[in-house]
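Below is one structure, written out as structure tokens; the observations come after it.
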Ligand code: MN
């Protein structure tokens, strides 16, 4: 039986707990914060910050959270040394990078971009303001992205909520969706740049073994890739891909907000529950299929909240 232990911050543990809301057990083992029993995996979170995944699908479940785990020193070294780790001189290479946005947001699509940055464009891109998108506002993202898409070869894929929910209901994990979209975006850019690149770098969202398992039924798989967490900081191609994906996510969220006549919040917190409840009251539950990721715990919370609000209005 596989056992995987991740070190997480308490904020992240809360996220994990709400993700598995419907599997939480009543009794908790000594020293633990909660336990969730899925059909093929038991997840136990401890006060120490350790989260243990046990069972047949331990690897698959843990993979969703791995990118957010606190690197413990030994682990960090072993992941840095995995056979997909990028070379030290990567910043001087011409790379295709890929990244995704929207996977943790209840509202809005998942957007994935791959982009090519030639090593002789690095100065130009820096001048355009390309850097780790975490340090950029939505307005800056929008302005930079508009320049970027005129400047570099890229591929942008949008997985809209309706399709996302169909895939999810058919049993596909979010991890697999991401892997398929990254792979497709990379294939698109490879075709555009026609051999002018030195390598490919994916912002790591799953263990590389798991990533390739997700792609095992695909006809064409891009196999020679590097994986690294926080890859936006390693090469501008990933930073550029991230900016394009975020720009697309912002645009799609604005479109949805306009269509629905409500400003849709990002993330998956209380504000999101409130907005979803309001949408249910105004339009009925079915509206969420078009604008939200239904399998998130927010759906049930919003349904309950809408019920309570309706009752208090009576
Ligand atoms: Mn990422």
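At a glance:
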item: Sole residue being part of a helix (DSSP H, G or I), more than 18 Å from the chain's Cα centre (by Cα), modelled with pLDDT under 95 and surrounded by 19 or more Cβ atoms within 10 Å (Cβ to Cβ), chosen from 125, 148; result: 125
item: Close pairs (8 angstrom Cβ cut-off, 6 or more residues apart or separate chains): without any contact (Cβ under 8 Å) to a residue 40 or more places away in the chain in region 171-191, surrounded by 22 or more Cβ atoms within 10 Å (Cβ to Cβ) and part of a helix (DSSP H, G or I) anywhere; result: 176/214; 179/211; 179/214; 180/214
item: Residues of region 3-20 that turn out to be loosely packed, with under 14 Cβ neighbours inside 10 Å and either touching a residue at least 40 places away in the same chain (Cβ under 8 Å) or in contact with a strand residue (DSSP E or B) (Cβ under 7 Å, 6 or more places away or on another chain) (or both), as a count; result: 2
item: Residues located in region 74-90, provided they are exposed (fewer than 13 other Cβ atoms within 10 Å of the Cβ) and modelled with pLDDT of 75 or more; result: 83, 87, 88, 89
item: Helices (runs of 4 or more DSSP H) enclosed by region 197-314 - at least 3 residues per element that are within 16 Å of the ligand (Cβ to nearest atom), in contact (Cβ under 8 Å) with a residue 12 or more places away in the chain and buried (at least 21 other Cβ atoms within 10 Å of the Cβ); result: 236-260
item: Search result, residues across region 91-115 that are crowded, with 24+ Cβ neighbours inside 10 Å and farther than 30 Å from residue 275 by Cα; result: 95, 96, 97, 98, 114, 115
item: Within region 82-122, tally of residues that are within 16 Å of the ligand (Cβ to nearest atom), in a strand (DSSP E or B) and over 29 Å from residue 289 (Cα atoms); result: 4
item: Top-ranked residue in region 181-196 [being surrounded by 14 or more Cβ atoms within 10 Å (Cβ to Cβ) and more than 16 Å from the ligand (Cβ to nearest atom); ranked as nearest to residue 119 (Cα to Cα)]; result: 193
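The values are calculated or read from the model by the stated rules, or taken from the named source; none is laboratory data. Computed from a predicted structure; not experimentally measured. In this analysis, Cβ positions are derived from the backbone assuming ideal geometry, glycine residues included, and neighbour counts consider all displayed protein chains.
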